[in-house]
Amino acid sequence: MPATSSREGFRLLGPAAEVTEGFVVPYYVAEHKRRVAVARVNGDLYAVDDLCTYEACPLSAGLLEGTTMICQCHGCRYDLTTGEVLRGPAMEGLETHAVEVIDEQIHARIAPRI
Ligand code: FES
């Protein structure tokens, strides 16, 4: 059964305390068969797809420098705030997801894959 949320279209990912400042935590959203990475930078949470668009390495296992996510495999860089590619070899950006904290729990609006 999918985790539900009080907000339309949002689903529960986990406790907000799991995502500490400067770290990225991966979540698997089973109903959408999708990995989502949630990061906290300067107190704000960001949610993007967790798999690099180049060769699908998990970005949550890479590096986070400010709002730049760096893939460990071939060094692609993405802007966490927009999903935009900052440096290739990836050409395609990451999908971003709306995220918010409700009652100390992280909720995100994850679009199904088309
Ligand atoms: S898989 Fe991400 S840079 Fe190669």
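The values are calculated or read from the model by the stated rules, or taken from the named source; none is laboratory data. From a predicted model like this one, the values you see are computed outputs, not experimental measurements. So basically every Cβ, Gly included, is an ideal-geometry build from the backbone, and we count neighbours across all protein chains shown.
The number of residues in region 6-63 being among the charged types (D, E, K, R), surrounded by 13 or more Cβ atoms within 10 Å (Cβ to Cβ) and within 16 Å of the ligand (Cβ to nearest atom) comes to 3.
Contact annotation: residue pairs with Cβ atoms under 6 Å, 6 or more positions apart or on different chains, pairing a residue in region 33-51 that is more than 21 Å from H74 (Cα to Cα) and without any contact (Cβ under 8 Å) to a residue 40 or more places away in the chain with a partner that is surrounded by fewer than 18 Cβ atoms within 10 Å (Cβ to Cβ) and not acidic (D, E), are V41/T67.
On the stretch given as region 64-80, residues that are of a type outside the set (S, T, Y), within 12 Å of the ligand (Cβ to nearest atom) and touching a residue at least 12 places away in the same chain (Cβ under 8 Å) total 7.
Pairs meeting the criteria (first residue in region 81-109 and under 15 Å from A17 (Cβ atoms), second residue surrounded by fewer than 16 Cβ atoms within 10 Å (Cβ to Cβ) and among the β-branched types (V, I, T), beta carbons under 8 Å, at least 6 apart or on different chains) are H107/V101.
Against the condition at pLDDT 95 or above, under 23 Å from F10 (Cα atoms) and surrounded by 14 or more Cβ atoms within 10 Å (Cβ to Cβ), how does I70 come out, does it pass? No; evaluated as a whole, the condition is false for this residue.
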